[in-house]
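J.: My structure is below; once you've seen it, I'll send some questions.
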Amino acid sequence: MTPEAAGSVLFVDLSEESWSRRPLRADEVKGYVGGRGLNAKFLYDLSESVQDPLSPENPLIFGVGLLTGSAAPSACRYTVTALSPLTGGFGDGNSGGFFGPEMRFAGYAHIIVSGRARRPVYLHIEDDAVAIRDASGLWGKDTWETDGAIKRALGDPEVQISCIGPAGENGVKFSCIINNLTRAIGRCGMGAVMGSKNLKAVAVRGSGSVRIAHPDKAFEILKEMRGMMAEDISFKMFGTYGTPALVDVYNSRGAIPVKNFQKAWIEDARPLSGDLFIEKYSKKTKGCFNCMIHCSHFYELEGSHKEEGLEYESIVSLGPRIGVEDYPTILKGNALCNRYGLDTISAGDAIGFAMEVHEKGLIPEKYLEGENPSFGDGAGALGLLEKITYKKGLGRLLAEGAHGAAGILGGGAGYYAMHVKGQAIISADPRALRGWGLGFAVSSRGADHLRAYPVVEYCFTPEKAEEIWGFREAVDRSAYQGKGKLVKWCEDVRALADSLGLCKFVTRTAYLLPEQLSRLIEPVTGIAFDAKELMRVGERINNTEKMVNVRRGFGRAHDALPERFTREPIPEGPSAGMNIDISQMLDEYYRERGWDVNTGRPSPEKLAELGI
Amino acid sequence: MDQPSVLLIDIEKCTGCRICENVCSLSHTGCIDPGESRITVVKDEEAGIDIPVVCMQCERPLCMEVCPSGALGRDPDTGGVTIDPYRCIGCRMCVMACPVGGITVTKEKQVKKCDLCGGDPYCAKFCPTGAIVYQKAAKGSAGQKRKGAIKMIHLMHAQGSGGLP
Amino acid sequence: MVTVHFVGPIKSHVGKPTAAWDFDTPMRVEELIDRLTGLYGQAFAKEVYAKSGEGFAYQILINGRNIFVLDGYRSEITDGDHVLISITMMGG
């Protein structure tokens with residue numbers, strides 16, 4: 001496959017209402033592969049003079065992975081990248097469904113949107129035809145209404161749409177972008193960037209084809225995947241239960257956040273279990289493009305709504321983190337977030353934060369405006385989701401995110417904002433999973449498990465860990481030694497996997513190693529990468545993302561976990577007594593990366609080595 | 001003669017993943033190209049409906065009856081309905097006549113349809129949930145009868161009439 | 001008493017998520033698995049020892065500690081211990 005065949009880069013200037021296009025270059029593919037990686041390179045090149053992430057100059061970059069839309073298993077993903085209004089630094093989000101493959105069928109690898117339209121618009125792309133269409137009639141509509149309205153306006157029920165809801169329009173710092181009604185470019189406030197450009201949606205239709213270099217080998221790979229789904233219990237669990245099964249997995253280790261991370265264990269988690277979700281609410285399983293795992297569901301809450309879903313993160317952030325323990329509230333919250341275009345993790349987190357600091361008397365009445373956020377008040381929480389979306393009452397404060405809100409409140413509220421770089425932490429307590437904790441702290445886009453995702457901390461043997469990383473402690477979730485090295489390795493391999501556009505549930509363990517990935521890339525694209533080269537690409541991507549942050553003034557102080565996790569050991573449950581101090585791991589991580597141990601900055605030698 | 005096999009679609013098992021479309025176009029053209037797939041998953045995302053639509057290889061094909069050039073024929077091995085591209089004049093009467101939407105018109109205005117992959121259909125081979133299976137026709141209806149009976153049992157239980165155990 | 005918690009499909013062999021037994025302790029993990037296999041059949045052992053990719057499908061923890069950090073399948077279980085046999089799904 002030639003780089004040209006991987007797709008074009010489309011530049012859209014919304015201020016000028018103009019656009020231009022060029023093919024991908026060989027050095028771009030070889031250096032950054034695609035998707036998240038190449039998006040990062042574009043952001044690095046185009047954002048040097050940008051001040052405010054909500055200004056017209058911030059480029060909003062949609063990118064598909066090198067394998068998105070191909071025969072590779074679960075090759076469905078796309079990434080949206082920009083400077084984040086939530087963290088102030090590097091930001092991106094990633095989503096599955098069917099939007100990414102359609103971009104590929106239309107012939108585009110990346111769409112780079114700059115400027116700001118004079119009135120609400122949506123981008124309509126159909127193969128070579130690119131149009132900027134009036135969206136004033138769509139502004140204010142939620143994501144479901146928008147999706148339906150564009151399909152009707154274009155007379156095409158098959159057009160793929162990636163859009164924002166009122167939360168993005170209103171610049172809520174953690175607003176998201178939604179495709180296929182419930183799939184989210186969730187994190188980093190990409191919805192707010194899109195809203196700041198007056199861009200309501202991107203609608204794509206493609207009639208092109210993706211040539212597969214060796215179809216017979218591609219069929220072998222798919223057969224192997226079939227075999228794994230039949231034999232491998234972990235894969236089967238994802239395919240039957242999906243991520244709701246993680247409630248029991250995390251709770252059994254005493255690592256599930258409760259009430260804004262005050263606690264990490266639920267004595268009886270049956271009302272929140274994956275089992276109950278399947279039994280009571282799921283109608284059938286759903287899958288993304290070319291996916292054999294079908295981890296998603298179509299569920300119904302009788303008398304309320306039905307839709308695709310449900311993710312573990314949403315269960316916990318709209319559940320135990322805000323003291324709620326019933327599925328109906330969680331499902332209603334999930335539905336609202338999908339339609340408003342809110343990241344469920346950050347929304348739940350902001351509400352949980354409000355509940356805790358209000359308990360401690362830290363929110364003055366002028367911000368509360370009559371609200372009484374209390375743990376367990378499900379109805380109140382659902383009301384807050386609307387208030388956040390429209391920046392009304394207490395929602396105006398919470399729309400800044402917990403960290404942003406804490407900055408406005410002062411008075412020690414900051415201690416209760418469970419964030420890294422301004423982004424809310426996901427629902428795994430880092431005191432109980434120390435390698436994960438380091439991963440959250442150093443992730444380029446703020447608290448995030450997907451950058452490192454060191455799953456090896458619990459599913460490999462020490463012998464295998466020694467073979468791959470050279471030390472056995474990698475498998476011990478309470479150990480500090482070796483985690484710096486582990487996280488660096490995981491981040492590099494994950495960056496590479498992300499740039500291919502495959503779902504992480506495939507690359508989690510099955511296509512984890514670079515050797516395995518190169519055996520996947522060649523038959524599909526015809527491009528040969530060796531394992532070392534691939535690791536280099538991963539390293540290059542991480543360093544490029546880091547340099548965006550360095551330029552924005554981020555240093556070692558930003559690679560930190562909230563003080564609560566050091567000061568307060570987990571009070572009860574299987575991980576009782578554990579806390580976390582990342583300093584030793586961080587030193588080791590910086591050394592392993594070739595970054596200055598005091599500032600966290602990549603050394604000039606490292607940058608030169610990687611060609612940045 | 002061997003009992004004929006047919007593709008059986010169970011829409012309750014369809015996840016909407018479109019692997020059937022992908023392996024169909026891949027095996028026929030070497031590309032992932034939904035426009036070349038002989039099977040298409042039609043969706044209503046709001047209602048959670050995913051339906052693979054494909055030629056049902058009718059016993060009395062309406063497409064064959066309306067074709068003015070005799071391009072539609074029958075494969076003696078699979079029993080499937082085939083299009084002879086040399087006879088096809090591209091009038092697309094077959095597309096209009098087909099009651100199930102089983103015929104694809106490609107972007108090059110070629111008329112294509114499921115040929116059962118010569119007796120080893122790829123869609124059935126790769127469908128991850130068994131929503132598409134290639135099975136003896138009679139066996140298929142037996143499966144549907146069993147499903148119907150189970151639904152009846154649930155209904156009877158729900159109405160408290162003491163139904164079947 | 002040895003309390004064992006089951007997370008994942010392995011739970012279906014036992015019929016409930018948690019069970020406790022008055023086994024003779026100290027006992028090794030492999031002995032516990034043998035005893036439970038005796039109660040629930042060979043399918044139990046097959047599942048507990050199943051592989052997943054480059055690792056195992058199930059992780060075994062004694063009082064929260066991964067047995068691979070202790071003595072592997074020879075790790076000792078003493079009276080009052082909580083053993084977790086959990087699917088190694090992870091994510092977010």
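The values are calculated or read from the model by the stated rules, or taken from the named source; none is laboratory data. Fair warning: this is a prediction, and the values are worked out from it, not measured in the lab. Methodologically, a virtual Cβ is constructed for each residue, glycine included, from the backbone with ideal geometry; neighbour enumeration extends over all protein chains shown.
J.: Looking only at the range A:582-596, how many residues end up being loosely packed, with under 14 Cβ neighbours inside 10 Å and touching a Lys or Arg at 6+ places or on another chain (Cβ under 7 Å)?
T.: Result for the range A:582-596: 0.
J.: Can you report the number of residues in the range A:311-338 which are within 13 Å of another protein chain (Cβ to nearest Cβ) and either under 17 Å from A:SER282 (Cβ atoms) or surrounded by fewer than 24 Cβ atoms within 10 Å (Cβ to Cβ) (or both)?
T.: Total meeting the criteria: 7.
J.: Cβ contacts < 7 Å: first residue more than 8 Å from chain C (Cβ to nearest Cβ) and closer than 23 Å to A:GLU311 by Cα, restricted to the range A:213-239; second residue aliphatic (A, V, I, L, M) and in a helix (DSSP H, G or I), any location; separation 6+ or different chain. Result?
T.: A:GLY239/A:MET229
J.: Out of all the residues in the range A:161-179, which are within 22 Å of A:ILE61 (Cβ to Cβ) and either surrounded by fewer than 24 Cβ atoms within 10 Å (Cβ to Cβ) or in the same structural domain as A:SER346 (by TED's automatic domain parsing) (or both)?
T.: Kept after step one, since they are within 22 Å of A:ILE61 (Cβ to Cβ), are these residues of the range A:161-179: A:161-165, A:167-169, A:171-179.
If the condition is that a residue be within 22 Å of A:ILE61 (Cβ to Cβ) and either surrounded by fewer than 24 Cβ atoms within 10 Å (Cβ to Cβ) or in the same structural domain as A:SER346 (by TED's automatic domain parsing) (or both), then A:GLY171 is the only one that fits.
J.: Right, here's the next one. Answer yes if at least one residue in the range A:9-22 is among the polar types (S, T, N, Q), touching a residue at least 12 places away in the same chain (Cβ under 8 Å) and not assigned by TED's automatic domain parsing to the domain that holds A:LEU500, and no otherwise. Spell out the reasoning first.
T.: Going residue by residue through the range A:9-22, those that are among the polar types (S, T, N, Q) are A:15, A:18, A:20.
Filter once more, keeping what is touching a residue at least 12 places away in the same chain (Cβ under 8 Å): A:15.
Still in the list and also not assigned by TED's automatic domain parsing to the domain that holds A:LEU500: A:15.
Yes, the range A:9-22 contains a residue that is among the polar types (S, T, N, Q), touching a residue at least 12 places away in the same chain (Cβ under 8 Å) and not assigned by TED's automatic domain parsing to the domain that holds A:LEU500.
J.: Can you pull out the residues in the range A:301-310 that are acidic (Asp, Glu) and facing chain B (nearest Cβ under 8 Å)?
T.: Selection gives A:GLU307, A:GLU308.
J.: Continuing with the same structure: Regarding A:ARG556, is this residue under 28 Å from A:GLY422 (Cβ atoms) and modelled with pLDDT of 95 or more?
T.: Yes, satisfied.
J.: Okay, moving on. Considering only the range A:560-580, state which residues are in contact (Cβ under 8 Å) with a residue 24 or more places away in the chain, surrounded by fewer than 19 Cβ atoms within 10 Å (Cβ to Cβ) and more than 28 Å from C:VAL83 (Cβ to Cβ).
T.: A:ALA560, A:GLU563, A:ARG564
J.: Return the total of residues in the range A:455-482 being outside any loop (DSSP other than H, G, I, E, B), in contact with a Leu (Cβ under 9 Å, 6 or more places away or on another chain) and basic (Lys, Arg). Lay out the reasoning, then the answer.
T.: Here is the first cut: in the range A:455-482, the ones outside any loop (DSSP other than H, G, I, E, B) are A:456-459, A:462-469, A:472-475.
Filter once more, so that each one left must be in contact with a Leu (Cβ under 9 Å, 6 or more places away or on another chain): A:456-458, A:465, A:468-469, A:473-474.
Okay, now just the ones that are also basic (Lys, Arg), so none.
The number of residues fulfilling the criteria is 0.
J.: Every residue in the range C:23-48 that is under 17 Å from A:MET237 (Cα atoms) and free of Cβ contacts under 8 Å to residues at least 12 places away in the same chain, please.
T.: Scanning the range C:23-48 gives a single hit, C:LYS46.
J.: Could you please let me know if C:PHE68 is surrounded by fewer than 23 Cβ atoms within 10 Å (Cβ to Cβ) and either over 14 Å from the mean Cα position of the chain (by Cα) or aromatic (Phe, Trp, Tyr) (or both)?
T.: Working: surrounded by fewer than 23 Cβ atoms within 10 Å (Cβ to Cβ): no; either over 14 Å from the mean Cα position of the chain (by Cα) or aromatic (Phe, Trp, Tyr) (or both): yes.
Judged against the criteria, C:PHE68 is not a match.
J.: Out of the range B:2-16, which residues are under 21 Å from A:GLU308 (Cβ atoms) and surrounded by 17 or more Cβ atoms within 10 Å (Cβ to Cβ)?
T.: Once the filter is applied, which keeps residues that are under 21 Å from A:GLU308 (Cβ atoms) and surrounded by 17 or more Cβ atoms within 10 Å (Cβ to Cβ), the range B:2-16 yields B:ILE9, B:ASP10, B:LYS13, B:CYS14, B:THR15, B:GLY16.
J.: I'd like to verify a number: residues in the range A:97-118 that are assigned to a loop (DSSP other than H, G, I, E, B) and more than 13 Å from A:PHE11 (Cα to Cα), how many?
T.: Residues that pass the stated criteria total 6.
J.: Hey, among the residues in the range A:433-445 that are part of a loop (DSSP other than H, G, I, E, B) and modelled with pLDDT of 95 or more, which one's farthest from the other protein chains (Cβ to nearest Cβ)? Step through it out loud before you land on a result.
T.: We begin by selecting, within the range A:433-445, every residue part of a loop (DSSP other than H, G, I, E, B); these are A:433, A:443-445.
Remaining after also requiring modelled with pLDDT of 95 or more: A:443-445.
Values: A:SER443: 12, A:SER444: 17, A:ARG445: 14 Å.
The extreme case among them is A:SER444.
J.: Continuing with this model, one more query. Give the residues of the range A:484-507 that are of a type in the set (Lys, Arg) and crowded, with 23+ Cβ neighbours inside 10 Å, sorted by residue number.
T.: Going through the range A:484-507, the residues of a type in the set (Lys, Arg) turn out to be A:485, A:488, A:494, A:504.
Residues satisfying the conditions are A:LYS488, A:ARG494.
J.: Kindly state which helices (runs of 4 or more DSSP H) lie completely within the range A:325-430 and contain at least 2 residues that are touching a residue at least 60 places away in the same chain (Cβ under 8 Å).
T.: Numbers: elements: A:327-340, A:344-359, A:365-368, A:378-390, A:394-398, A:401-409.
Those helices (runs of 4 or more DSSP H) span A:327-340, A:344-359, A:378-390, A:401-409.
J.: State which residue is farthest from the other protein chains (Cβ to nearest Cβ) when the search covers only the range A:240-254 and only residues that are under 22 Å from the mean Cα position of the chain (by Cα) and of a type in the set (Gly, Ala, Ser).
T.: Residue satisfying both the conditions and the ranking: A:GLY242.
J.: Considering each of B:TYR86, B:TYR122 in turn, give the residue that is among the aromatic types (Phe, Trp, Tyr) and farther than 20 Å from B:CYS24 by Cα.
T.: Just a single option satisfies the conditions, and that option is B:TYR86.
J.: Could you please give the count of residues in the range A:184-205 that are within 14 Å of chain B (Cβ to nearest Cβ) and either free of Cβ contacts under 8 Å to residues at least 40 places away in the same chain or surrounded by 24 or more Cβ atoms within 10 Å (Cβ to Cβ) (or both)?
T.: The total comes to 1.
J.: Could you list, in sequence order, all residues of the range C:57-92 that are more than 10 Å from chain A (Cβ to nearest Cβ) and of a type in the set (Phe, Trp, Tyr)?
T.: Correct list: C:TYR73 only.
J.: While we're looking at this one, here's another question. Kindly provide the set of residues from the range B:13-42 that are in contact (Cβ under 8 Å) with a residue 12 or more places away in the chain, outside any helix (DSSP H, G or I), farther than 20 Å from B:VAL95 by Cα and not polar (S, T, N, Q), ordered by number.
T.: B:LYS13, B:CYS14, B:GLY16, B:CYS17, B:ARG18
Yes/no matrix, rows are residues, columns are (1) among the charged types (D, E, K, R); (2) surrounded by fewer than 21 Cβ atoms within 10 Å (Cβ to Cβ):
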{"residue": "A:ASP216", "(1), (2)": "yes, yes"}
{"residue": "A:MET225", "(1), (2)": "no, no"}
{"residue": "A:MET229", "(1), (2)": "no, yes"}
{"residue": "A:SER234", "(1), (2)": "no, no"}
{"residue": "A:GLY239", "(1), (2)": "no, no"}
{"residue": "A:THR243", "(1), (2)": "no, no"}
{"residue": "A:ASP248", "(1), (2)": "yes, no"}
{"residue": "A:ASP275", "(1), (2)": "yes, yes"}
{"residue": "A:SER282", "(1), (2)": "no, no"}
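J.: Out of the residues in the range C:82-92 that are assigned to a strand (DSSP E or B) and aliphatic (A, V, I, L, M), which is nearest to A:ASP248 (Cα to Cα)?
T.: Per the criteria, the residue is C:ILE87.
J.: Something else now. Output the strands (runs of 3 or more DSSP E) that fall wholly within the range B:53-135 and possess 2 or more residues being in contact (Cβ under 8 Å) with a residue 60 or more places away in the chain, or say none.
T.: The qualifying strands (runs of 3 or more DSSP E) are B:111-113.
J.: Identify the residue in the range B:20-58 that is touching a Gly at 6+ places or on another chain (Cβ under 9 Å) and among the charged types (D, E, K, R) and, among all such residues, is nearest to the other protein chains (Cβ to nearest Cβ).
T.: Among those residues, the one meeting the criterion is B:ASP33.
J.: Further question on the same structure: Restricting attention to the range A:328-372, which residues are in contact with a Pro (Cβ under 7 Å, 6 or more places away or on another chain) and among the hydroxyl-bearing types (Ser, Thr, Tyr)?
T.: Of everything in the range A:328-372, just one residue is in contact with a Pro (Cβ under 7 Å, 6 or more places away or on another chain) and among the hydroxyl-bearing types (Ser, Thr, Tyr), namely A:TYR340.
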